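The values are calculated or read from the model by the stated rules, or taken from the named source; none is laboratory data. Quick caveat: nothing in here was measured; it's all calculated off a predicted structure. When the accessible area is computed, the model is the full protein with side chains, heavy atoms only, and any ligands, DNA or RNA have been set aside. Shrake-Rupley method; radii C 1.70, N 1.55, O 1.52, S 1.80 Å.
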Amino acid sequence: MTDRALVTCLWFDTQAEEAARFYTGIFKDAKLGTVHRYTEAGPGPVGSVMLVEFELNGQKFSALNGGPQFTFNEAISIVVPCADQAEVDYYWDRLSDGGQEIACGWLKDRYGLCWQIVPAVFFEMIADPAMMDMTKFDIAALQQAYAG
């Protein structure tokens, strides 16, 4: 194995560039990288977007226009640890826009990708029953419940 960082590949039908721009527009430490296009070799139409490289908070991703054969499901999610309630609200509001709020800090974005928007103290409080009753996390309520 090389010493290069791992890259998470996200499979989209045809929305790879749109999704990469959506995500990099939300995260403050984000970079849109190279947009690779199909050539005469295919399999997509010449000049159409094949793969988009991007980075969110130091994590590298590639967005692939692979067609409709595969879609996202709840078996995988991206965890966004948040410093405070303002950050929870910021990421929750933007990532859930056009998507679906689920439970316990989980949401599905407009492309079907699941995210967990969690306070930094999440892993300390994960076993508290109060956490299971919330959709979007309320840090103050969690801290109160955790303190007893």
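Listed values, structure above:
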{"read-out": "With every protein chain in place, segment 39-101: carbon and sulfur % of accessible area (1.4 Å)", "value": "53 percent"}
{"read-out": "Cys82, Cys104, reordered so the largest accessible area comes first (probe 1.4 Å)", "value": "Cys104, Cys82"}
{"read-out": "Cα gyration tensor, segment 81-144 - rounded (a/c under 1.5), prolate or oblate", "value": "prolate"}
{"read-out": "Expected 222 nm ellipticity per residue - DSSP helices of 4 or more, -39500 (n - 2.57), all of the chain, to 500", "value": "-7000 deg cm²/dmol"}
{"read-out": "The chain, relative contact order [Cα under 8 Å, separation at least 6], %", "value": "19 percent"}
{"read-out": "Rg in Å to one decimal, and Dmax rounded to a whole Å, for segment 9-71 via C-alpha atoms", "value": "11.7, 37"}
{"read-out": "Average accessible area per residue (Å²) across the chain - probe 1.4 Å, nucleic acids and ligands excluded", "value": "58 Å²"}
{"read-out": "Pairwise Cα inverse-distance average, inverted: Kirkwood Rh of the chain (Å)", "value": "16.7 Å"}
